[in-house]
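The values are calculated or read from the model by the stated rules, or taken from the named source; none is laboratory data. Because the structure is a prediction, the values reported are computed rather than measured. Backbone-built Cβ (ideal geometry, glycine too); neighbour counts: all protein chains shown.
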């Protein structure tokens, strides 16, 4: 199954910044480079509160993929923040407390499996739905994703409609 739709490349300035919050009208006054992972893992502005409605965190190191996902989700009315590595993922997740996370397995710094395992061990983060993306769609990877607590597993390449359907389904639950 091939990837559909238009690929949108990331501006160089955003790629250099690591966390790239939505700059649209729904971004809010606190969105920006200073709202990223500068505080402790459970010391975000909303520790222990339910996830924010309609905010998706995409943790994906491939700019073409992350920007295509951003485009698809923003077109569907969602706020999207993109993080390009796993190094600061847990702090960013705790700070943003998104409604949903789209997490690549193969990331620089720390793997998506490690991030997912650490999330599920923290009660404040354990209930956030996670779509795990990987280039390896074999049975062993699917089993590992289930074992670590992934809400969904998608092999790359995936279709835009399949990803959007999974996001909509998980955002409803």
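Which of the residues that make up segment 56-69 are free of Cβ contacts under 8 Å to residues at least 60 places away in the same chain and outside any loop (DSSP other than H, G, I, E, B)?
Within segment 56-69, 57, 58, 59, 63, 64, 66 qualify.
Mind listing just one residue for me: the one in segment 134-150 that is in contact (Cβ under 8 Å) with a residue 24 or more places away in the chain and not in a helix (DSSP H, G or I) and, of those, surrounded by the most Cβ atoms within 10 Å (Cβ to Cβ)?
Only one residue fits best here, namely 150.
Considering only residues that are in contact with a strand residue (DSSP E or B) (Cβ under 7 Å, 6 or more places away or on another chain) and without any contact (Cβ under 8 Å) to a residue 24 or more places away in the chain, which ones fall in segment 79-127?
none
For segment 151-173, give me each residue that is part of a helix (DSSP H, G or I), in contact with a strand residue (DSSP E or B) (Cβ under 9 Å, 6 or more places away or on another chain) and touching a residue at least 40 places away in the same chain (Cβ under 8 Å).
Once the filter is applied, which keeps residues that are part of a helix (DSSP H, G or I), in contact with a strand residue (DSSP E or B) (Cβ under 9 Å, 6 or more places away or on another chain) and touching a residue at least 40 places away in the same chain (Cβ under 8 Å), segment 151-173 yields 162, 163, 167, 170, 171.
Any residue in segment 75-82 that is at pLDDT 95 or above, assigned to a helix (DSSP H, G or I) and in contact with a helix residue (DSSP H, G or I) (Cβ under 8 Å, 6 or more places away or on another chain)?
no
Given 101, 93, 72, which one is closer than 23 Å to residue 146 by Cα, in contact with a helix residue (DSSP H, G or I) (Cβ under 7 Å, 6 or more places away or on another chain) and part of a helix (DSSP H, G or I)? Don't jump to the end; show me each part of the working.
Details: 101 fails: part of a helix (DSSP H, G or I); 72 fails: closer than 23 Å to residue 146 by Cα.
After applying the criteria, what remains is 93.
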